[in-house]
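Okay, so here's the structure we're looking at.
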């Protein structure tokens, strides 16, 4: 649905269009997900448009430009239009999910509460909300609000009666000094080599997610060989991490 949603660092190869187990399908995610075999997907990770409702450019107190999300893919005519879009892609994803599959959706305060309510209305069963705490958040330049230092992820099963979904509890605990993994994850924003930039030196996309975040998602709720899909592939972080961890992957992308 979007152009350049997230990126992959030099440590993980970009998803290959030609690989039979790692594919990027160009087209509308709702239409293309509807072509997948029903009940074939093990895990969905979605980073949909946030619907930030920005009115013009953001500027710092010194009038310099803030490189924020102000792209056409994040603009909707109304909350109702955004809700319709959300229902459509969630239903397409749910149809493709195995009975034991789970879905992760990440968002900001602008959209995550609407998305969560729609997920419940559609029959998804919420398992956890995970707070991604950014160790290096962008400041609130005008000092009129708290620094927005986190995003929220919803982790949900396909329905209330779902059984056998993957949660690698013991592995997560062992990697966390034998302590249960918590629902707040301290992970920095993409910086340095991981942050993809164009020839002009500007960020390819303002909301690129870090590989560390996707690695934790996939390691916690999928197994090697599982099929992972991302309705909003963008620059390919989910696919790159899936490939590195031995998962199959299909990403959907409207832009080249």
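At a Förster radius of 35 Å, what calculated FRET efficiency corresponds to the Cβ-Cβ distance of residue 171 and residue 80, to the nearest 0.05?
Working: r = 42 Å, r/R0 = 1.21.
In this case the efficiency is close to 0.25.
Let a ≥ b ≥ c be the square roots of the eigenvalues of the Cα gyration tensor of the stretch 71-212; is it rounded (a/c under 1.5), or, if not, prolate (a/b larger than b/c) or oblate? Could the numbers behind the result be given before it?
Details: a/c = 1.81, a/b = 1.17, b/c = 1.54.
It is oblate, given that a/c is not under 1.5 and a/b is not larger than b/c.
Determine, for 230, 77, 184, the number of other Cβ atoms within 10 Å of each Cβ, and report the residues in order from fewest to most.
77, 184, 230
Could you sort the peptides 216-228, 93-105, 154-166 by per-residue average Cβ neighbour count (10 Å cutoff), highest mean leading? Show your work: numbers first, answer last.
Numbers: 216-228: 19.5, 93-105: 21.7, 154-166: 16.3.
Top to bottom by mean Cβ count within 10 Å: 93-105, 216-228, 154-166.
Among 109, 249, which comes first, then next, by fewest other beta-carbon atoms within 10 Å?
Values: 109 11, 249 28.
The order, fewest Cβ neighbours first, is 109, 249.
With a Förster radius of 22 Å, plug the Cβ-Cβ distance of residue 125 and residue 40 into 1/(1 + (r/R0)^6) and report the FRET value to the nearest 0.05.
Working: r = 20 Å, r/R0 = 0.90.
Efficiency, rounded to the nearest 0.05: 0.65.
In what sequence, highest mean first, do 171-182, 233-244 appear when ranked by Cβ atoms within 10 angstrom? Intermediate values should be presented prior to the final figure.
Details: 171-182: 11.6, 233-244: 26.7.
Ranking the peptides 171-182, 233-244 by packing returns 233-244, 171-182.
Does the stretch 150-191 come out rounded, prolate or oblate by the C-alpha gyration tensor, with a ≥ b ≥ c the root eigenvalues, rounded set by a/c under 1.5 and, if not, prolate when a/b is larger than b/c and oblate if not?
Numbers: a/c = 2.85, a/b = 1.28, b/c = 2.23.
Note, shape of the stretch 150-191 comes out oblate.
Measuring from label point to label point, each 7 Å out along Cα→Cβ, what is the residue 145 to residue 163 span in nm?
Modelled inter-label distance: 4.4 nm.
Rank these for me by crowding, 232, 141, 45, going from fewest to most other beta carbons within 10 Å.
Details: 232 22, 141 14, 45 29.
With the sparsest Cβ surroundings first, the list reads 141, 232, 45.
Throughout, read-outs are computed from the coordinates displayed, never taken from laboratory work. Remember, it's a predicted structure, so these values are computed and weren't measured experimentally. Counting neighbours? That spans all protein chains shown, and the Cβs are built from the backbone with ideal geometry, glycine included.
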